[in-house]
Amino acid sequence: MHDLRPQIGNLYRTAARQMSPDGCRSILFVSARRGEGTSSMATSFALMAAARAARTAWLVDLDLRNNSLSRALDDGFAEDVGPLGRAYDGSLNVDPIYSVTQDVSGRDAGGKLLVAQQVEETRLLVTRFRNDQLRDEQQVRIVSQPTWWNRLKEATDWIIVDAPAFESSTAVLTVADQVDGIVLVVNADTTSVEDVAGLRLELESYGGNVIGVAMNRAGADARLLDKIGL
């Protein structure tokens, strides 16, 4: 993962203008294919949002089994970032946004496996899933839970969601209608127009609001484009 803050100033300003300034703003980043730089963009965007937040910003990692965002922030995502500090209960006292299968003994893992850790000296909190509480045979998946998202919106200024690439997970479809806007992250050298257009149609069929495409090219500004045409 790479710190893209120097490249996403225009993206941040454009996205912030497109979403309501009243109350919490929420935005989701996803790509059609793996390796497009979605996690780098979401994390960089979240740091910018937190720097401007009156209360906090939350970076929600939907790739529960990997926790790549919390690891990156704790390991020095950028020179001025991290490590992670205190962990808070991420259940928000409502039903969780995930479900876990019982293990072979029939034991339930419980409902408080999601925590939120604050990035020290910032207003950013990043979610982390407690995989250490699961056994190898147990599986976890994202589920639709509007109450959780609404409770979070009451508590923070920004929600930034990083979803796994659509080719590897359909988790994004589960939460597509819970955020104000969705940004499709694209590396123009590797992803076809057909892949991006197909993902946009799929997200919109699930109630998602695709606000544009962010071109992610090394050494260039990431800009939010109004049209799918690349």
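Per-residue ellipticity at 222 nm, computed for the chain from helices alone with -39500 (n - 2.57) per DSSP H run of at least four residues, works out to -7500 deg cm²/dmol. In the stretch 1-144, Cα pairs under 8 Å separated by at least six residues give a relative contact order of 24 percent. Within the stretch 42-174, all pairs of alpha-carbon atoms sorted by distance into 10 Å bins from zero give the percentages 12, 43, 34, 9, 1.
Starting from the Cα of HIS2, step 7 Å toward the Cβ, then list every residue of the stretch 31-51 with an amide N under 19 Å from that point. Correct set: 31-48. Shape descriptor for the chain: Rg over Rh equals 0.95 (Cα atoms; Rh from the Kirkwood inverse mean 1/r).
Distance between the 7 Å Cα→Cβ label points at LEU201 and ASP80: 4.4 nm. Using only side-chain charges placed at the Cβ, +1 for Lys and Arg and -1 for Asp and Glu, the dipole size of the stretch 27-76 relative to its Cα centre rounds to 120 debye. Taking 7 Å steps out from each Cα toward its Cβ at ASN150 and SER192 produces label points 4.2 nm apart.
Here the extension length gained between ASN131 and ASN209 equals 25.0 nm, from 0.36 nm per residue of separation less the Cα-Cα distance. For the stretch 78-85, the Karplus equation 6.51 cos²θ - 1.76 cosθ + 1.60, evaluated at θ = phi - 60°, returns couplings of 8, 4, 9, 10, x, x, 7, x Hz by residue, with Gly and Pro reported as x. Just how far, in whole angstrom, is the stretch 162-209 from the stretch 3-63 if you go by their alpha carbon centroids? A separation of 15 Å, based on Cα centres. Overall, the chain carries a charge dipole of about 380 debye about its Cα centre when +1 sits on the Cβ of Lys and Arg and -1 on the Cβ of Asp and Glu, all other atoms neutral. Length available on full extension from ASP177 to GLN138: 0.36 nm per residue minus the Cα-Cα distance, which gives 11.3 nm.
Bear in mind these aren't lab numbers, they're just calculated from the coordinates by the rules spelled out. It should be emphasised that the depicted structure is a prediction, and the values quoted were computed from it without experimental measurement. Here the Cβ is made from the backbone with ideal geometry for all residues, glycine too, and neighbour counts use every protein chain on show.
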